[in-house]
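The values are calculated or read from the model by the stated rules, or taken from the named source; none is laboratory data. Here the structure is a predicted model, which is why all the values come from computation and not from measurement. All Cβ positions, glycine included, derive from the backbone under ideal geometry; neighbour counts span all protein chains shown. To get the accessible areas, we keep the full protein, side chains included, count just its heavy atoms, and leave off ligands, DNA and RNA. Shrake-Rupley method; radii C 1.70, N 1.55, O 1.52, S 1.80 Å.
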Amino acid sequence: MLRQPAKAAAPPPPKCPVPKKRGSYNCGRCGLPKKGHVCSSPDAPPRSDSRLRRALSYDDLPEEVAETVGMKGEEEEVEEDEGDVLVPLPAKCLVEVLRRLPLKGLMGASAVCRGWRECVRRVWRSAEELRLRVSPRSQIGFVGSLLPKCSGLTRLSLTMESDVDATLLACVAFSCPNLEVFEISTAGTAANWMTGDELGRFVADKRCLSILKVEGCTNLSSLNLFSSSLSTLWLSDLHCMSKMVINCPNLKELSLDFTRQENDSTDFISMMDSLGRTCPRLRNLHVSSIKLSNEAVLALTSAGLRGLRMLSLVLGSKITDASVAAIVSCYASLEMLDLSGSSISDNGIGMICNAFPQTLSRLLLALCRNITSSGIQFATAQLPHLQLIDCGMSLCDFSSRNDSLEDITEIGQTQQSQKSNTRTHPIYQKLIIKHGRLKKLSLWGCSGLDALYLNCPELNDLNLNSCTNLHPESLLLQCPNLESIHASGCQDLLIGALQDQVFDKLTEKDNRLPSKRLADGSKRVQAPNFILQPSNFQPSNDKQKRPRLSQCNLHLDG
């Protein structure tokens, strides 16, 4: 019986070829990158550290690993150079380094690699203060693209070289929700086109804003501010304000600088009168305008601002001793008083000294042509806590300048109309000041001063710019702590006398007598001339101190 041949077993299905796995970029023995690497550890076991990945994949690492970013960013590598190992720079350190770069350098650093770009983003996110100068070519678009990166910004200072309008305010309000300090200054030919309504809406929307400083507010025309958080407000270049209401109950410092124009129609009386109701906590007040008068000062004193500590009413040529009487009767604790450009006299200085003998530390009376050196001497004698006094352009030789202040200061136009009713000073005046706490004395432009004697141990800053009639032989400075003297526009002989007195040249030449002790050794006395013999006079080197050279700087460039 024939057997049928057994069926051959079916051949196994062909296996699919396994795709080739991509090799590692790191050495299997030591873990270093393979590129350009010769392994020197053949017996070392392969590393299984999760750090050994592709250079550009550090963004996928866990947080504890991604904290370190290589300096190059493309590869995390460790190079060995004669036994020294270069450890990757931690990202926190790199952020601290990048934080100190200027804006242009920081933007360039973000283009180096992905690692640096992420570090720059961290710098932007953690930035709390930004000072930016916007060029005319950049304009507002540059600010709009930069501010959204700074989500934690609290202090912003912009110097605008291009025109400013409400678009900038809208950009800042949208990008900086936690803004606390905002400053806008203009440079060059830039103009500020913001209106009072736009600025009022911006302040009302920013609930955290505490400090606001804006320059170039010529186009405001009217202003109605309401803010419960605002504590400091500076507005400059104001002009013809038809309405000004500043309703800020927590405002402590207010500075209003008006333009020097005769056609300014601002109602200062109503403005001063409203401050007592809307700003009851005001402590520092500065108003600069040629339209200030006695009526405005009387309105201010009747507003009830009893907490004022610093009062500055500048360029008000119509402010007289009557305003001083109202000020001293209303405020009892002024620490700083600035009446520069006013028409007060020595009698007004006497009232100031009698009212604030224990509190006043800064007195500024520049451009007050009715005061004399006697009034200044009386102020320094009666105010023991005085630390700063400014009398620039007050002791002037007006007869040699034809009684015109127009060439000296911008308020000359208003003071020319009063020169027939005010007396001029004598051409030459003498000033003697002895004070134990005075630190800064400003006598710039005092061309009517010909003699100056100062005995002020704490004085460190002296301004004698344009003191053209001050005689060198009538100058005596007994101020051992002087650090800075300004003598621009002075005579060469006066500059030489200042150098001799400042650098102790006269003392080194005259004081050549040795000192001896008494018999009990308690006190040093100077040996008279008749005791000394030329043959046996030998200055001893032991315990002999060299004269201390002064550290004072003499500024001759204005």
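The table for this structure:
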| item | result |
| --- | --- |
| Over 21 Å between alpha carbons, listed pairs Lys92/Lys149; Lys149/Lys213; Lys318/Lys434; Lys149/Lys206 | Lys149/Lys213; Lys318/Lys434 |
| Total formal charge among the other residues, if their Cβ is under 14 angstrom from that of Gly188, Lys/Arg +1 and Asp/Glu -1 | -1 |
| Protein-only accessible surface order, largest first, of Phe174, Phe268, Phe503, Phe142 at 1.4 Å | Phe174, Phe503, Phe142, Phe268 |
| Accessible solvent surface per residue of segment 289-361, calculated while the other protein chains remain in place, 1.4 angstrom probe, Å² | 31 Å² |
| Sequence of Cys93, Cys456 when ordered by accessible area, the most exposed leading, probe 1.4 angstrom | Cys93, Cys456 |
| Dmax and Rg, reported as Rg then Dmax, of segment 283-409 (C-alpha, Å) | 14.0, 45 |
| Per residue, in Å², the accessible surface of segment 138-258 once ligands and nucleic acids are set aside, probe 1.4 Å | 40 Å² |
| Rg/Rh ratio calculated on Cα atoms of segment 140-207 (Kirkwood radius) | 0.94 |
| Accessible area of segment 156-218 belonging to carbon and sulfur atoms, whole % at 1.4 Å probe | 50 percent |
| Heavy-atom accessible area ranking, 1.4 Å probe, most first, across Arg201, Arg29 | Arg201, Arg29 |
| Spacing of the two label points (7 Å from each Cα toward its C-beta) at Asn219 and Arg281, in nm | 3.4 nm |
| Pairwise label distance in nanometres, Ser228 with Met351, each label 7 Å out on the Cα-Cβ vector | 4.1 nm |
| Tyr25 accessible area, assembled protein chains, probe 1.4 Å, Å² | 120 Å² |
| Rg over Rh [alpha-carbon atoms, Kirkwood Rh] for segment 153-295 | 0.95 |
